[in-house]
Every structure is written in structure tokens, then in C-alpha cells.
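Remarks on the structure that follows.
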Amino acid sequence: MQNFLTTSVTCLIAASNLIFIPPVLADTELTSISEILAEPKDEMEVRIRGQIIDQEAGEDDYIFTDGQDKITLEIAQENFQYSPDETIEIYGIVSLESMHKEDDHDPTPEAVEIEVKEIKLVQE
């Protein structure tokens, strides 16, 4: 019989969404959106804190702010519900969306988004 290491998993229930939060969120240093936009690197792991303030119509893209800057989040969960009054932490991977592949080394901020892997509600 194999031994299995079990890890505690936190659940967030928000407006009929159930999102599992593995412990990896705590292992990534908190960063600001301005730091991400200043030197974005494709596939860079990031953790940010703030609010989702808007959703792009018919898309799985959401506008996120840390109170200073804004960035696009890609949340691949159908019918994701959010409240702009809730502070959340996001763990995700930076994705450089460039229409000109030769410009990947110098993307504009509009070409940077975060593919969300984990979401945690921050209790204030």
C-alpha cells in the first residue's frame, strides 16, 4: 500500500462558485501590477491582491485592479461571479498576448494578461 501525503485544501464559496485553493498561493511572493507591467515575462508566476472591477462582454476576461494599476485576468470558469467590493488574491501565470510575434520581447501593457490558476478571498 502506498503512503500518500495529504495537503489541506481551502474552499472559497462566493456567489454559487466553489473554487479550490491549493497551498501554492502562499508560496509565491505578492507583487504589484506595476511591477508585472514594467518587466513582464511570459509564463512568470505571480500573486496579486485587489479587486475584480469589470468583465469584458461575453468573455472569460476580467479587469483587475490593485488600487494603482489595472490588468486583464483570464478566468476559465463558466459563469464566474464576482463582487467589486471583495478583496481577493490571485495566483496566476503571465501571458504575453502579442499580435506581432517578433515583438514578444517588448510587449505593450495591453498585451499582458494573467491566466488565473487560483483565487482566494481576503478576510479584512
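The values are calculated or read from the model by the stated rules, or taken from the named source; none is laboratory data. Quick caveat: nothing in here was measured; it's all calculated off a predicted structure. Every residue, glycine among them, receives a Cβ derived from its backbone with ideal geometry; neighbour counts consider all protein chains shown.
Kindly list, by first and then second residue, each pair from a residue in the stretch 44-64 that is among the small types (G, A, S) to a residue that is buried (at least 18 other Cβ atoms within 10 Å of the Cβ) and modelled with pLDDT of 90 or more, limited to pairs with Cβ atoms under 9 Å and residues at least 6 apart or on different chains.
From residues that are among the small types (G, A, S), the pairs are G50/I33; G50/F64; G50/D66; G50/I88; G50/E89; G50/I90.
Count, please, the residues in the stretch 75-97 that happen to be without any contact (Cβ under 8 Å) to a residue 60 or more places away in the chain, in a loop (DSSP other than H, G, I, E, B) and buried (at least 19 other Cβ atoms within 10 Å of the Cβ).
Counting residues in the stretch 75-97 that are without any contact (Cβ under 8 Å) to a residue 60 or more places away in the chain, in a loop (DSSP other than H, G, I, E, B) and buried (at least 19 other Cβ atoms within 10 Å of the Cβ) gives 1.
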